[in-house]
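The values are calculated or read from the model by the stated rules, or taken from the named source; none is laboratory data. As the structure is a computational prediction, the values presented were derived from the model and not from experiment. Please note: Cβ atoms are built from the backbone with ideal geometry, for glycine as well, and neighbour counts cover all protein chains shown. With ligands, DNA and RNA removed, areas are computed over all heavy atoms of the protein, side chains included. Shrake-Rupley method; radii C 1.70, N 1.55, O 1.52, S 1.80 Å.
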Amino acid sequence: MPFYCFLLILLFIMLLLAFFRAKLVVWTGVLAVFPIVLGLGGMLSGGLLAVYWLVFAIIFLPLNILPLRRYLISRHVFCVFRSMMPPMSDTEKQALDAGSVWWDAELFSGKPDWNKLLDQPAPQLSAAEQAFLDGPVEELCVMLDDWKINHELRDLPPDVWQFIRNNGFFGMIIPKAYGGLEFSAQAHSAVVMKVSSRSIAAAVTVMVPNSLGPGQLLLNYGTDAQKKHYLPRLASGDDIPCFALTSPWAGSDAAAMRDTGVVCKREFEGEETIGMLLNWDKRYITLAPVATVLGLAFKLYDPNHLLGEKESLGITLALIPTDTSGVEIGKRHLPLGQAFQNGPVAGRDVFIPLDWIIGGIEYAGQGWRMLMECLADGRAISLPSLSAGAGKVCSRATGAYARIRSQFHTPIGRLEGVEEVLARIAGNTYAIDATRRLTVIAVDQGEKPSVMSAIAKYHCTERMRSVVNDAMDVFGGAAIITGPLNLMARTYEAIPISITVEGANILTRSLIIFGQGVVRCHPYLRQEMDALAMNDDNDGNNETAALAAFDRAFFAHLGFTGSNKVRSLLLGLSHGYLSRPPLPPPLRRYAQQIERFSSHLAFVSDITLAVLGGGLKRQEKLSGRLGDVLSQLYIACAAIKRFIADGSPAAEEPLLQWVCEDALWRAQQALDAFLNNFPVRSIAIIMRIIVFPLGKPLQAPSDRLGRKLADIILEQGTARDKLTAGIHINNDPEDPLGRIENALAAVLAAGDAAEKLKKARRSGQLDCLFDDEDALAELLDKNLIDKAEAELLRHALAATWQATIVDAFAAKDIGTHADK
């Protein structure tokens, strides 16, 4: 056999083994059998066979004999890596330990197991949860007047507060045993989404007690006594909770917190008690002005060693009744004009007993981990639900408005510039809701999805920002004149709140999604880090165990990287067609591209970690771009999961197609920008050849596809209804959304008659060109329409006028001095 044929066959076998991720024992066996078969067939010369066995022995004997491998290779790499590993703060360690991984780990694997996604249950509410949505939630929505709440009362009306209390809105996550509703995460999300479609202030009021706050912390960590005391009171609304974390000195950087607790002895309720003397100054605390119980994060110190040898115990959480001496509450912030209760809270020399620590004394110093795990729940549910509510309202209202509002004798939604915007609105709304639904499934499965919740929080709020901005453009002047009839202004004003809270978006993208994701989701990196961090004991036992653990993880990591390099190259050359996800068309094609970019992400991540090491922490722009790749793959998977769960409806296929094409194109662009800015240019060139061997093949969604999305929200139909399902919809002609819904129905009903009017005007059959009523009379006189059609047109014109008018106030009603 010619030597080059031998090499080609060997290369093919090696590529095959790498692509399918064969284990070391399989590699060894196959590459040992290969020359034997060729030798027996007389296809290899003795000299070539000898050289092959020599190379084989040099490589595979050390790899398969573990003591030899550890002595020759692993111990040296172990020492080098241990010296290079950057120090990690306690807050970083606790953040990495918090939460769990789920589908995000599959996307980091380079070879996602699609059955893990497909086997997840479709979102479904129980009978009791659906009844709550159809009953109390619907009734609450009817009660809400957002203009009155934000511009007149600057608060929820007293009857709304009482209704929320009486119907258990504050206890959705609390078990029935404590008087709560014990709803699933799906139901919790659905309630927040529906209420937010009427009033952000009301939604935030309902959301916060069920999100990051005392209730969730008590459920996860509270002592039995704490649960029995507080949970029934929280469920009934007798206690209103808030949680104080952010301070003037510490926002995203909790380690900079200056709020302190010092362990000491003082008299408490007539007895000398070991407790904590607290001093704090917090701000931006939702529900603080009306709270009766305060959750507090502070740094705990024990200078007199009353609890043990350690002086600095770390961030600790406690529950404090707000009527405790030294607690200062009551002042309000006004977040961009939104009337939900929010304000500062301070404490001066507040003494509390140790058993007020959430979970008791054993949880002293564990506060950051506790917060990170609870924050995952909050970010997975609250803000994605608010974003979905805003997106659905914008899709429904903007599409209808663009259909009823005409310029140049044409509905503005049929103008290509507006059509492009409508497509983005509809597509982004589908993406937001799909992401919300998939992330909430994880929570209901018992996961604490720290990385996925960060993805959901960041990308749902950012896409919501895009949707609302686009809707504002389409509504034009009707969106900027504030008043009771304005549907858009208060949502637009509130956008920065969602962007900022529960982890500012800039830092969520640049530090958390990839920075935390690569450690938590990588199959071997955390094992290597844990092995490197193991401290030696006097007998050297830990060092031996550390080396053994590192050896296993390191060589598995090498195989993982090599496999992903081969998979990246072959999937790039084949445009993903070599993968075989168990999905039907058109889903299979999107899954193939997701699998391709999953391999790219895993390969590039490993090379980046090897080249930049701990310095990647400071390369936030690079980290953010890799986080974008992971995020867009997750969004595409969420769209696929939603489409399948909904029965793969043909009418919704354009929405699926738009979201997948958009997300995959964004992933490609993020990876391209990463490679363009990678600091070691020679490595960047090699990575680009492997990742994009034939260039960048993906395109953004086409104009033709965008037209299909615009059509979905411009006309009444099941696709429009399913896209916007879960929000409050009414036909009240005085309601901001109801008047637009009425007008759309009237305009569509009068469509044929309107077309006759339009043709008559264009052909010069009408003498009256401007006055609609006179034009209708002339059409009737000339028998161009009948009386029924005239009535339909008259109703459509009146409804359109009602839907497009804007508010106007007397000068005295808006606080001017023009009347004086």
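Solvent-accessible surface of the stretch 754-811, taken per residue with a 1.4 Å probe and all protein chains present: 64 Å².
Here's the picture: charge each Lys and Arg Cβ at +1 and each Asp and Glu Cβ at -1 in the stretch 215-343, and of Ser236, Phe340, Val290 the one pushed furthest to the positive end of that dipole is Phe340.
Counting only DSSP beta bridges with both residues in the chain, the antiparallel share comes to about 80 percent. Each principal axis of the Cα cloud of the stretch 306-447 was evaluated for its coordinate range; sorted largest first, these ranges are 80, 38, 21 Å. For the stretch 691-773, the set of GluC sites (Glu not before Pro) satisfying both a DSSP loop assignment and a count of at most 13 other C-beta atoms within 10 Å is given as Glu734. Counting only protein heavy atoms and a 1.4 Å probe, the stretch 340-462 has 24 square angstrom of accessible area per residue.
Counting only residues at least eight positions apart within a chain, or on another chain, the lysines with an alpha carbon under 19 Å from that of Lys176 are Lys227, Lys228. By the rule of a C-alpha distance below 28 Å, with chain neighbours fewer than 8 residues away ignored, the lysines paired with Lys116 are Lys23, Lys448, Lys457, Lys565, Lys641, Lys722. Taking a Cβ cut-off of under 15 Å around Asn676, the surrounding Lys, Arg, Asp and Glu residues balance to a net charge of +3, with basic ones at +1 and acidic ones at -1. Heavy atoms of the protein chains alone define the surface here; on that basis the stretch 577-721 has 38 Å² accessible area per residue at 1.4 Å probe size. If you take all other residues with their beta carbon under 15 Å from the beta carbon of Glu741, and give Lys and Arg +1 and Asp and Glu -1, the sum is +2.
Gyration tensor over the Cα atoms of the stretch 190-304: the corresponding equivalent ellipsoid has semi-axes (square roots of 5 times the eigenvalues, largest first) of 29, 19, 12 Å. Here the accessible area of the chain is 57 percent carbon and sulfur, with a 1.4 angstrom probe and all protein chains present. 3J(HN,Hα) along the stretch 775-789: 5, 5, 4, 5, 4, 5, 4, 8, 6, 7, 9, 9, 5, 5, 5 Hz, from the Karplus curve 6.51 cos²θ - 1.76 cosθ + 1.60 with θ = phi - 60°, whole Hz, x for Gly and Pro. Each peptide in 580-587, 266-273 receives the mean, over its residues, of other Cβ atoms within 10 Å, and ordering these scores from highest gives 580-587, 266-273. Note on His229: accessible area approximately 100 square angstrom, rounded to 10, probe 1.4 Å, nucleic acids and ligands left out. About its Cα centre, the stretch 674-820 has a charge dipole of approximately 1460 debye under the convention of +1 per Lys or Arg Cβ and -1 per Asp or Glu Cβ, with nothing else charged. Measuring with a 1.4 angstrom probe and ignoring ligands and nucleic acids, Glu543 comes out at about 60 Å² accessible. Give me Rg/Rg_expected for the stretch 513-600, where Rg uses Cα atoms only and Rg_expected = 2.2 N^0.38 Å with N residues. Working it through for the stretch 513-600, the quotient is 1.50.
Bin width 10 Å, alpha-carbon pairs only: give the P(r) of the stretch 431-559 as whole percents, running from 0 to the bin holding the largest distance. So the P(r) values, bin by bin, are 11, 25, 23, 19, 10, 7, 4, 1.
A straight Cα-to-Cα reach below 16 Å connects Lys758 with the lysines Lys782, residues fewer than 8 places away in its own chain not being considered. Given +1 at the Cβ of Lys and Arg, -1 at the Cβ of Asp and Glu and no other charges, the dipole of the chain around its Cα centre is 3020 debye to the nearest 20.
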